Amino acid sequence: MPRSITAFSNPLVKHVRQLREKRHRREVGQFLAEGLRILTEAREAGRLPEHLFYAGDMAGHPLVTALVEATEAAGGEAIETTADILSKLSGKDNPGAVVGVYAEFAVALGQIDRHRAPIWLVAERLRDPGNLGTILRTADAVGAGGLILIGECVDPFSVEAVRASMGALFTVPVARTEWAAFEAWLRSGPGQLVGLSLDTEFDYQAPRYEAPTFLLTGNEAQGMPDAMAAACDLLVKIPMLGKADSLNAAVATAVMAYEVLNQRRR
């Protein structure tokens, strides 16, 4: 049966609030997700929280009931609480009806089966959690095999990135590695590395992409380093016909991913 927590001083509430800090997440191997839609998508993907907090006035909602039952059946704990405590946990003035505490899950590079999907997304030194979340949503939408993060990228388990992913974090495998390890792994088997670059005149619709295609997006401000660009099998450019000289990193990734997908569909 769910228990009730209504005091801000409760030790579990204090612990969960600390999960908004990267260092604490890394120490305990847990992260936060909030919102009925995101937690429901996580449940449908087979991911259930270790602790589920929900507002008391939502107790009869069918999706909340399904989450409570699934969490308890999996050995997790369901906790009825107040909107004020949910606000403190999520960091939002108008929190969602539910907040979940999940164990971090990671995919090692060596565990990836590159033959599982024709499209893979790769991001190098991505800094913005909104961009990371959007790229995860794109990966889910185009059926990409996963997202590979290179170097010092934003934490995919931060509250902001999880929120921006709208549940895609739970459906798209994410691996974190360094460039040297990624390059060695990539060249150990089939795979075409395609870099999105402004330093080329090769139009993104010109080539025929080979499966599996690995689409590499560089840092939002600096792009990709010269060594990475040189290691790509192809560098392609999305035409810019207006005043802007570049697209947002997540938007450019989506445009490229759909070009590759559309070639497969044709």
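Those residues that are outside any helix (DSSP H, G or I) and crowded, with 22+ Cβ neighbours inside 10 Å, I need them from region 98-135; list them, please.
Correct list: Val98, Val99, Gly100, Val101, Tyr102, Ile119, Trp120, Leu121, Val122, Ala123, Glu124, Leu126.
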Is region 40-61 home to any residue that is part of a helix (DSSP H, G or I), within 15 Å of Val159 (Cα to Cα) and modelled with pLDDT under 95? no
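Out of Gly56, Gly46, Gly60, which single residue is small (Gly, Ala, Ser) and in contact (Cβ under 8 Å) with a residue 40 or more places away in the chain? Walk me through how you get there before you give the answer.
Details: Gly46 fails: in contact (Cβ under 8 Å) with a residue 40 or more places away in the chain; Gly60 fails: in contact (Cβ under 8 Å) with a residue 40 or more places away in the chain.
On inspection, the qualifying residue turns out to be Gly56.
Just the residues that are surrounded by fewer than 21 Cβ atoms within 10 Å (Cβ to Cβ) and hydrophobic (A, V, I, L, M, F, W, C), please, taken from region 176-192. Even if it seems obvious, please write down each step before you answer.
Residues of region 176-192 surrounded by fewer than 21 Cβ atoms within 10 Å (Cβ to Cβ): 176-181, 183-185, 187-192.
Correct list: Trp179, Ala180, Ala181, Ala184, Trp185.
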Does Arg17 qualify as being closer than 19 Å to Phe170 by Cα and in contact (Cβ under 8 Å) with a residue 40 or more places away in the chain? no
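Quick one: which residue in Ala164, Ala257 is open to solvent by 20 Å² or more (accessible area, probe 1.4 Å), under 15 Å from Ala123 (Cβ atoms) and not in a loop (DSSP other than H, G, I, E, B)?
Details: Ala257 fails: open to solvent by 20 Å² or more (accessible area, probe 1.4 Å).
That would be Ala164, the only listed residue that is open to solvent by 20 Å² or more (accessible area, probe 1.4 Å), under 15 Å from Ala123 (Cβ atoms) and not in a loop (DSSP other than H, G, I, E, B).
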Under 7 Å between Cβ atoms, which residue pairs at least 6 apart in sequence (or on different chains) link something in region 154-169 that is farther than 16 Å from Ala97 by Cα with a partner that is open to solvent by 10 Å² or more (accessible area, probe 1.4 Å) and among the β-branched types (Val, Ile, Thr)? Pro156/Val174; Ala161/Val154; Ala164/Thr134
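Does Leu67 fit the bill of being open to solvent by 10 Å² or more (accessible area, probe 1.4 Å) and in a helix (DSSP H, G or I)? Talk me through it step by step, then tell me what you get.
Details: open to solvent by 10 Å² or more (accessible area, probe 1.4 Å): no; in a helix (DSSP H, G or I): yes.
Here the answer is no, as Leu67 does not meet what is asked.
Please go through region 6-35 and give me each residue that is small (Gly, Ala, Ser) and not in a strand (DSSP E or B), ordered by number. So that I can check it myself, show each step before the final result.
First pass over region 6-35, keeping only residues small (Gly, Ala, Ser): 7, 9, 29, 33, 35.
Residues satisfying the conditions are Ala7, Ser9, Gly29, Gly35.
Against the definition (within 30 Å of Lys92 (Cβ to Cβ), at pLDDT 95 or above and touching a Pro at 6+ places or on another chain (Cβ under 6 Å)), how does Val174 come out, yes or no? Explain how you work it out, then say what you get.
Details: within 30 Å of Lys92 (Cβ to Cβ): yes; at pLDDT 95 or above: yes; touching a Pro at 6+ places or on another chain (Cβ under 6 Å): yes.
In short, yes.
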Output the residues belonging to region 37-53 that are surrounded by 17 or more Cβ atoms within 10 Å (Cβ to Cβ) and touching a strand residue (DSSP E or B) at 6+ places or on another chain (Cβ under 6 Å). Leu39, Pro49, His51, Leu52, Phe53
Here is a check on your reading of the model: is Glu152 within 16 Å of Met228 (Cα to Cα) and either over 25 Å from the mean Cα position of the chain (by Cα) or charged (D, E, K, R) (or both)? yes
Region 224-254, residues that are surrounded by fewer than 18 Cβ atoms within 10 Å (Cβ to Cβ), touching a Gly at 6+ places or on another chain (Cβ under 9 Å) and assigned to a helix (DSSP H, G or I): Ala229, Ala231
Checking the structure you have, find out if any residue of region 219-227 is among the small types (Gly, Ala, Ser) and either under 26 Å from Gly35 (Cβ atoms) or over 21 Å from the mean Cα position of the chain (by Cα) (or both). yes
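Within region 143-157, how many residues turn out to be over 21 Å from Ala221 (Cα atoms) and open to solvent by less than 10 Å² (accessible area, probe 1.4 Å)? Even if it seems obvious, please write down each step before you answer.
At the first step, the residues of region 143-157 found to be over 21 Å from Ala221 (Cα atoms) are 143-146, 157.
When the remaining residues are screened for being open to solvent by less than 10 Å² (accessible area, probe 1.4 Å), the result is 145-146, 157.
So the answer is 3.
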So, Thr65, is that one of a type in the set (Ser, Thr, Tyr) and in contact (Cβ under 8 Å) with a residue 12 or more places away in the chain or not? no
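The values are calculated or read from the model by the stated rules, or taken from the named source; none is laboratory data. Values in this document were obtained by computation on a predicted structure and should not be read as measured data. Neighbour counts run over all protein chains shown; Cβ positions are idealised from the backbone, glycine included. Surface areas here come from the heavy atoms of the whole protein model, side chains and all, with no ligands, DNA or RNA. Shrake-Rupley method; radii C 1.70, N 1.55, O 1.52, S 1.80 Å.
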